[in-house]
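Report on the following structure.
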Amino acid sequence: MSLSDIVDPKILSQPVYEPGRPIDDVAREMGLDPAGIIKLASNENPLGTSPLALKAMGEALRESHLYPDGGCVHLREQLAKRHDVIPDQIVVGNGSNEVLELLGHVFLTPDDETVMGNPAFIVYKLVTLLFGARAVEVPLTNHVHDLDAMAAAVTERTKIIFLPCPNNPTGTINSPENVKAWINRLPERVIVVIDEAYAEYLEDETDWHDVFECGRRLVVTRTFSKIYGMAALRVGYAVTTPEIAALLQRSRQPFNVNAIAQVGALAALKDENWVRECREQNRLGLAQLSAGLTTLGLPKVESCGNFILTQVGDGAGVSRRLQERGVIVRPVGGYGLPEWIRISVGTEQENRRVLAELPEAIAR
Ligand SMILES: *Cc1c(COP(=O)(O)O)cnc(C)c1O
């Protein structure tokens, strides 16, 4: 009997997530000096990690022999304050991706459907398929989630509907007014997941209290991977109803968030000046990239995240030739956008570099 005969068949057909390539990998393959390579492929923070968080984590390393706080008590308290909810409404995960997976554990069976946009963050689909449920993908209209079409795709079987605000890889967002009106029109039993991985980059954050007060099954996810510059540490969280939070808590591992990450996240939350500085630098960097792409005559999608989608012709080929020149960007063929690449906002110098390398990478 071959191994595949005893494997759950949905594992064999499960698509594989393709992450942005690490600098060391590209250096080895291309025979380049890693110091000369820049990575603008995973929407990481080009300014690094909050210095306060780095200091706190350095000290926390000394306690590495102890298990972490399995309940993330301090972090949940501070996050609850930050969002003006109670700690029982907060669930912390090993990245917000884990929170998305916990939703699958709790709610999804092979009889269920989820609704999501296309192209949208791929993890919604991966989680859905992992639990044997059906992913109903609704095409975006002009790169923006089509809320009416998504609502129309909801059936009796729909358990979860995913809406990233803003979306990755497009960087687009639906207005909070439209989103709230849309939630109101959805059947009350549906779990509405609003993925706010990039919310800290927006001028204004959306206040979801009124939606919770209507008794809606809302799950708002956030992450420390983006503006907080802690992608390596893997911390994300959900703000949701106490009932949903209790179910998600049951489905996670006892020590799902490591102690270093908890300490780092606590310190990063307090470092408001640093976050403000990162937001401002991103605004400038996005404008710089956007203007540069216009000068190069490349179509682009107006973004409110820390990345921009641009149409270069052969996205995979251009990405490869940029890599040969020491610039890692993200091809998005896997998102059904073979002509486009996604460029994360870097430092001013990094942005200048990718703009300088693009014409030759396109011309070959
Ligand atoms: C980057 C990203 C996340 C973050 O995932 P983590 O597991 O917290 O690192 C979540 N949602 C979207 C849309 C993203 O682009």
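General observations
- Estimated Rh, the range 198-270: Kirkwood, alpha-carbon pairs, angstrom: 13.9 Å
- Over 20 Å apart at the Cα level, from the set K39/K270; K10/K226; K226/K270; K180/K226, are K39/K270; K10/K226; K180/K226.
- Rg(Cα) / (2.2 N^0.38 Å) computed for the range 27-71, rounded to two decimals: 1.76
- Residue ranges 28-41, 305-318, 276-289 sort as 305-318, 276-289, 28-41 when ordered by packing (mean number of other C-beta atoms within 10 Å per residue, highest first).
- Report summary: the helix-based calculation at 222 nm, which adds -39500 (n - 2.57) for every DSSP H run with n ≥ 4 and divides by the residues of the chain, gives -12000 deg cm²/dmol.
- Computed from the C-beta positions of T294 and T347 and an R0 of 25 Å, the FRET efficiency is 0.80 to the nearest 0.05.
- Most mobile of N142, N118, N43 in a GNM of the chain (Cα contacts under 10 Å): N142
- With all protein chains in place and ligands, DNA and RNA left out, the 1.4 Å accessible area ranks L130, L140 as L130, L140, largest first.
- When the convex hull of its Cα atoms is projected in every direction, mean area for the range 135-202 (nm²): 4.6 nm²
- The length gained on full extension between A80 and N142, counted as 0.36 nm times the residue separation minus their Cα-Cα distance, comes to 18.7 nm.
- For the range 256-364, the spherically averaged projection of the C-alpha convex hull amounts to 8.5 nm².
- Judged by the mean number of other Cβ atoms found within 10 Å, the most tightly packed of the peptides 180-192, 341-353 leads the ranking 341-353, 180-192.
- S175 contributes about 40 Å² of solvent-accessible surface, heavy atoms of the protein only, 1.4 Å probe.
- Note on surface exposure: S64, S96 rank S64, S96 by accessible area, highest first, 1.4 Å probe.
- Hypothetical label at L247: residues of the range 160-189 whose amide nitrogen lies under 14 Å (7 Å Cα-Cβ projection): 160-161, 188-189
- Selection from V99, V220, T240, by position along the positive dipole direction of the chain (Cβ): V99
- The C-alpha atoms of the chain occupy a region whose extents along the principal axes are 56, 54, 50 Å, arranged from largest to smallest.
- FRET efficiency, E339 to D111 (Cβ-Cβ, R0 30 Å, nearest 0.05): 0.20
- Whole-percent carbon and sulfur share, accessible surface of the chain, 1.4 Å: 52 percent
- Calculated diffusion of the range 16-118, Stokes-Einstein form, Kirkwood radius summed over Cα pairs, 20 °C and 1.002 mPa s, µm²/s: 118 µm²/s
- Protein-only accessible surface at a 1.4 angstrom probe places the residues E272, E98 in the order E272, E98, largest first.
- Full extension of the chain between E59 and L284 gives 77.6 nm of extra length, using 0.36 nm per residue less the Cα-Cα distance.
The values are calculated or read from the model by the stated rules, or taken from the named source; none is laboratory data. Just so it is clear, the model here is predicted, and its values are computed rather than measured. We place every Cβ from the backbone using ideal geometry, glycine too, and count neighbours over all the protein chains shown. For the accessible areas, the whole protein counts, side chains as well, though only heavy atoms, and no ligand, DNA or RNA atoms are used. Shrake-Rupley method; radii C 1.70, N 1.55, O 1.52, S 1.80 Å.
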